[in-house]
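Notes to accompany the following structure.
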Amino acid sequence: MSTRHPSVLVVDDEIDICNNLSDILTAFGYDVETATNGFAALDLVQRRPFDVALLDLKMPGMDGLTLYRKLKKLRAGTVAMLVTAYAGGDTTREAIDAGAWQVLPKPVDVGRLLGEVERVVGQPTLLVVDDDADLCENLWQILRQKDFRVCLAHSHDEATRKLQENPYRIILLDLKLPGGNGVGLMETIRESNPEAKIVVITGHRSELEETIDRVLSEGAEGVCYKPFDVNRLLEMIQHAAEQNRT
């Protein structure tokens, strides 16, 4: 599998800031693209994933927080940091509540920024594959608090596309999916990324007993039944992450 450079999207309506941050991040080995407004940024995000998005809060047409909410729907695995001259108070709380990683004050402390970006790209990548959007959002919130970079897929085809984009370290895989099933997807995962750790999730314990036994025998790390015991699920994911590091 080819090694790719971690990617950063810089969005600021001041082109000099975009160019300056791009030069700095590129010098440290990051793959950087820039946009001077939210609409151009969303166009880039629709075409490719980014590990990190650095978003100016105050921009004409679409502010950074609105942009992040749209970005999150398209690319839940992109970790956002908002940059603003008005950091603190309600601004920071609203951004963090929406799922942003950090709110950084302007002018940007480059040392702090590089440290935060490095910390983000070092977080384990995790893909949740389940057609229940509410469940996925809940898992996203829980796992982001545990410093995982969490991507979401709601169908067999969407998961296949996401797997082509990113070598996920951990995959939570529902066995019943629109357009296919978890068993077939597990075979795709093994072919494209044999190092990935797979945790099966299902609400059909008795109905899928034979299938569950099969996927466990073929290398799945374990199975967690819905409704989840969240602590047990987190233990399984943490164990998978530790196994992946060894």
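Points worth noting:
- Test: residue in the range 210-226 that is aromatic (Phe, Trp, Tyr) and more than 17 Å from the chain's Cα centre (by Cα): yes
- Pairs where the first residue, in the range 46-60, is farther than 18 Å from residue 113 by Cα and outside the structural domain of residue 158 (by TED's automatic domain parsing) and the second is of a type outside the set (Phe, Trp, Tyr) and part of a strand (DSSP E or B), C-beta under 9 Å, 6+ apart: 48/7; 48/33; 49/7; 49/151; 58/84; 59/11
- Subset of the range 164-207 that is of a type in the set (Lys, Arg) and modelled with pLDDT of 90 or more - its residue that is farthest from the chain's Cα centre (by Cα): 197
- Per-region count, the range 193-242, residues farther than 19 Å from residue 142 by Cβ and exposed (fewer than 15 other Cβ atoms within 10 Å of the Cβ): 14
- Just one residue in the set 158, 191, 165, 137 is more than 26 Å from residue 45 (Cβ to Cβ), in the same structural domain as residue 241 (by TED's automatic domain parsing) and among the acidic types (Asp, Glu); that residue is 191.
- Residue match in the range 78-94 (condition: touching a Gly at 6+ places or on another chain (Cβ under 7 Å), of a type in the set (Gly, Ala, Ser) and under 17 Å from residue 14 (Cα atoms)): no
- Checking the range 143-165 against the condition returns no match, with no residue being hydroxyl-bearing (Ser, Thr, Tyr), closer than 27 Å to residue 28 by Cβ and crowded, with 18+ Cβ neighbours inside 10 Å.
- When residue 36 is tested against the conditions (1) within 23 Å of residue 150 (Cβ to Cβ); (2) out of contact with any His (no Cβ under 9 Å at 6 or more places or on another chain), the lone failure is (1).
The values are calculated or read from the model by the stated rules, or taken from the named source; none is laboratory data. Because the structure is predicted, anything quoted here is derived from the model rather than measured. Note that we place each Cβ from the backbone using ideal geometry, even for glycine, and neighbour counts take in every protein chain shown.
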